[in-house]
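Q: Take a look at the following structure, please.
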Ligand SMILES: Nc1ncnc2c1ncn2[C@@H]1O[C@H](COP(=O)(O)OP(=O)(O)OP(=O)(O)O)[C@@H](O)[C@H]1O
Ligand SMILES: N[C@@H](CCO)C(=O)O
């Protein structure tokens, strides 16, 4: 089947938070914090990183976005070895807000758009889940909303849930990085049956609460025995936040992905938003942790790729005009 290679695309991809407590490696929620990627077929590869969130990201062909784009072309049976890529991101790196997932999903969508969307969204989801080895962050960035998914080592399946309009998200982002690899290595290789049953029952109840809009049930459901008790050792103050944030207005509180960011779900009608934000900041500060707090909303939209016209200008001017203004 022939296709018309498109010259340049612009991708907008949301951040994500994974696990939501008990849904380890299986629940994700897209957040209204975004990254933008411009991608064009070129005669030589150049990677332009805009903004200070990209410190340390490579600008040669070892860049994750370049490598993932090549996977799309290979699976589609085409060859475009040289790409011009630009990226701006508001998603902090290595903080538990899905930066690597946003890069993977953004690259998949951009490369696929460049070749006339030859791959289906399902095929992109399979590639993304295989790369991350868990579908939660990539599923949320791909589909938007709340995603319930599995990846069994061969295939990934998911269902998207529309987030309740009254849900808000407060994140406390510590200044230090915590890699997913390190946060996964502190977990035990085996778990007790009681902990397994604890998580599958709480995760199931959380999914039911989120899909029926029963926000009051979140406080009972958003509890974990599989990963948070072990990861709490890496984030001073996390244990206190897990135990007490609901007394300060949170519907539920959890480690965002593999951390170190802490996340609270809040009812937008709550009268305790300021109290909760102060509690998160003060609790971490008492442990010597400087954290930035951000009020976010679930992002109902997932990744989106648009074809650019000749006179659409470059990403930097778009970011200055539409994002930073
Ligand atoms: N925006 C990006 N562009 C290119 N590569 C990226 C980007 N974000 C992450 N990566 C690559 O992915 C790898 C993992 O990134 P990072 O440490 O942020 O992922 P993570 O541990 O999954 O973090 P997070 O907690 O954000 O999910 C990094 O080595 C980096 O090279
Ligand atoms: N489910 C993954 C998410 C990583 O962002 C973990 O907790 O390790």
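Q: Given springs between every Cα pair under 10 Å in a Gaussian network model of the chain, which of 192, 305, 103 has the largest fluctuation?
A: Its mean-square fluctuation being the largest, the pick is 192.
Q: Taking the number of other C-beta atoms within 10 Å as the exposure measure, put 312, 136 in order starting with the fewest.
A: With the sparsest Cβ surroundings first, the list reads 312, 136.
Q: Using Cα atoms only, what is the angle between the long axis of helix 193-212 and the major principal axis of the chain, expressed in degrees (0 to 90) to the nearest 10?
A: Value to nearest ten degrees: 70.
Q: Report the FRET efficiency, 1/(1 + (r/R0)^6), for residue 150 and residue 320, where r is their Cβ-Cβ distance and R0 is 56 Å, rounded to 0.05.
A: Once rounded, the FRET efficiency stands at 0.85.
Q: Return the Cα extents of the chain along principal axes one, two and three, sorted largest first, each rounded to a whole Å.
A: 57, 42, 35
Q: Between residue 191 and residue 278, what is the spin-label point distance in nm, taking each point 7 Å from the Cα along the Cα→C-beta axis?
A: Distance between the two pseudo-spin positions: 3.6 nm.
Q: Can you sort 193, 217 from fewest to most other Cβ atoms within 10 Å of each residue's own Cβ? Each step should come with its number before you reach the end.
A: Details: 193 7, 217 17.
Ordered by Cβ neighbours within 10 Å, fewest first: 193, 217.
Q: Modelling each spin label as a point 7 Å along the Cα-to-Cβ direction, I'd like the residue 211/residue 179 distance in nm, to one decimal.
A: 3.6 nm
Q: By count of other Cβ within 10 Å, fewest leading, how are 122, 230, 66 ordered?
A: Arranged by neighbour count, lowest to highest, 122, 230, 66 become 122, 230, 66.
Here, each number is a calculation from the coordinates, and none is a lab measurement. Since we're looking at a predicted model, the values are computed, not measured. Positions of Cβ are generated from backbone atoms using ideal geometry, with glycine treated the same way; all protein chains shown enter the neighbour counts.
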